[in-house]
2 protein chains.
Amino acid sequence: MTRKLYELVGADPTRRFSPFCWRSCLALAHKGLDFETVPWRFGETERLAFAHHDKVPVLVDGERVASDSWAIAEYLEANYPDRPALFGGALATMRFVSAWADGINPALVRLIVSDIPAVLGAAEQDYFRSSREKRFGMPLEAVTADREQRLPAFRALLQPLRATLAAQPYLGGTTPDYGDYMVFGSFQWARCVSPFRLLATDDPVHAWRERMLDLYGGMARLVPAFPH
Amino acid sequence: MTRKLYELVGADPTRRFSPFCWRSCLALAHKGLDFETVPWRFGETERLAFAHHDKVPVLVDGERVASDSWAIAEYLEANYPDRPALFGGALATMRFVSAWADGINPALVRLIVSDIPAVLGAAEQDYFRSSREKRFGMPLEAVTADREQRLPAFRALLQPLRATLAAQPYLGGTTPDYGDYMVFGSFQWARCVSPFRLLATDDPVHAWRERMLDLYGGMARLVPAFPH
């Protein structure tokens, strides 16, 4: 197989935990395209030099390379137009979903960041802790210290998703599309790195996350994760 | 002309200020469909009994009636399929934009609600003040007392819109679609009822609002409003 996706992993190379890599994994599965994961860890920027990029995901599809999850989605849509559409014919509107999905992560990281070092190898732990503590200006444990109190605000942030799911099973309608994958990526990130439970079990977003975990033979359920 | 749109107006019948009615106005203009506004004021529920509905917008299109702005958009898309598409082929994704647009209004109303009575007639003022003060549990002036302090949070809420507009001139892409009309409706509501300035002049959302005001011969610019 020549199709390879460089993905962020933890100490365990099967713990693929990047929200953006999950967007690309599910986009490839949506298109029915086989691929191999190439495990990549924080700090291994030289290994991506061939792609002129310093972050994953990076897709290598035969002779072609695409970097950045949005660019990979556009690449797949342009190069595999006969496969199921990722954007449902509405690239422009999907950009808005993308911008909204990106906006979840700054709130989410503050609920889970202190749990991340434990899933990393020793070398990546040092890099991760020092770079993130510099970004937040405090120890990671201080960032998440009041996470129980901030959970209602996080759940409120999900209201547009919740309201949409009251009318249809997926953001894409009766079947999932790239909008679902973008948003789900963030939840998959959380469950791969943190035992902190984000969603009430009676939340329609919880039921949607379960449906997303079942897609494509349960591909997102099969990686190491915490029970949520 | 047999096509009529019942729209909320103030004491001045040309001050059409409902965010949801503006969604329908612009949807009709997008489809190139002429219509007459039928002025409607708070409390005139009996006048809508024919539509089995108690709120505007209500569209009367010959023998057919559609109530509620989302239903009106679906009606227009279904009955005028040869006209420009409102949903860009992605009804499902548009529902998410709708849910997000609806979520702006609870934050927005708390910035402008105390200005609304001044644009209403005497009878509607009493209805509006008592119903809204009951809802908020305080005088309208108390609701907006700290609006300057809450303005940064409101502007932060617009980040997904702002990020999308960095990539394209409209939510709909190179041309506006129903996503733009839903979000713009809220801004048009604000400028029709309140002098409070919501947007910094260097905000890309401000430039987008100007483009929206220019659409269809400046139809949204032509109603009585405050300089913003």
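A short reminder: the numbers here are calculations on the coordinates, not readings from a lab. Computed from a predicted model, the values in this text were never measured in an experiment. Don't worry about glycine lacking a Cβ; one is built from the backbone with ideal geometry, like all the others, and counts go over all protein chains shown.
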Under 5 Å from the placed amide H of residue A:18, counting only residues 5+ away or on other chains, we find A:8
Projected onto the charge dipole of the protein assembly as shown (unit charges on the beta-carbon of Lys, Arg, Asp and Glu, signs +1, +1, -1, -1), the Cα from A:218, B:114, B:187 with the largest positive-side position is that of B:114
Cα pairs beyond 19 Å in the stretch A:91-214, in percent, come to 51
For the stretch A:197-211, in residue order, the Karplus 3J(HN,Hα) values (coefficients 6.51, -1.76, 1.60; θ = phi - 60°; whole Hz; Gly and Pro = x) are 7, 8, 10, 5, 5, 8, 7, x, 5, 4, 5, 5, 4, 4, 4
Sorted shortest first, the nm distances from the residue A:155 label point (7 Å along Cα→Cβ) to its counterparts in the other copies are 3.2
Among GluC sites (Glu not before Pro) in the stretch A:55-91, those in a DSSP loop whose Cβ has at most 11 other Cβ atoms within 10 Å are A:63
Set A:31/B:31; A:31/A:55; B:4/B:134, cut-off 27 Å on Cα-Cα distance; pairs above it are A:31/B:31; B:4/B:134
For residue A:120, the residues 5 or more places away or on another chain with a placed amide H closer than 5 Å to its own amide H are A:11
Each residue of B:160-166 has, on average, a number of other protein chain C-beta atoms within 10 Å of its C-beta equal to 5
Rounded to the nearest 5, the percent of antiparallel DSSP beta bridges in the protein assembly as shown equals 65
Summing -39500 (n - 2.57) over every DSSP H run of at least 4 residues in chain B and dividing by its residue count gives a helix-only mean residue ellipticity at 222 nm, to the nearest 500 deg cm²/dmol, of -15500 deg cm²/dmol
Answer check: chain A, Cα atoms, Kirkwood Rh, Rg/Rh ratio of 0.95
The percentage of Cα-Cα pairs in the stretch A:3-79 separated by more than 19 Å is 26
For residue A:123, inter-copy label-point distances (7 Å, Cα→Cβ), nm, shortest first, read 7.9
The ³J(HN,Hα) series, computed from each phi in the stretch A:149-160 with the Karplus coefficients 6.51, -1.76 and 1.60 at θ = phi - 60°, rounded to the nearest Hz and given as x for glycine or proline, is 6, 8, 4, x, 5, 5, 5, 5, 4, 7, 4, x
Note on chain A: contact order normalised by length, alpha-carbon pairs under 8 Å, 6 or more apart, percent, works out to 24
Under 5 Å from the placed amide H of residue B:38, counting only residues 5+ away or on other chains, we find B:5, B:6, B:7
Whole-number value, in Å³ per residue, for the convex hull of the alpha carbons of the protein assembly as shown is 165
at residue A:32 the sorted inter-copy label distances (label 7 Å from Cα on Cβ side), in nanometres, are 3.8
Once phi for every residue in the stretch B:104-118 is put through the Karplus expression 6.51 cos²θ - 1.76 cosθ + 1.60 (θ = phi - 60°), the whole-Hz ³J(HN,Hα) values, with Gly and Pro written as x, are 6, 4, x, 6, 5, 4, 6, 9, 10, 4, 6, 8, 5, x, 5
Most fluctuating of A:131, A:98, A:69 in the GNM of chain A (C-alpha, under 10 Å) is A:131
Quick note on A:138, B:212, B:94, ordering by fewest other C-beta atoms within 10 Å, gives A:138, B:212, B:94
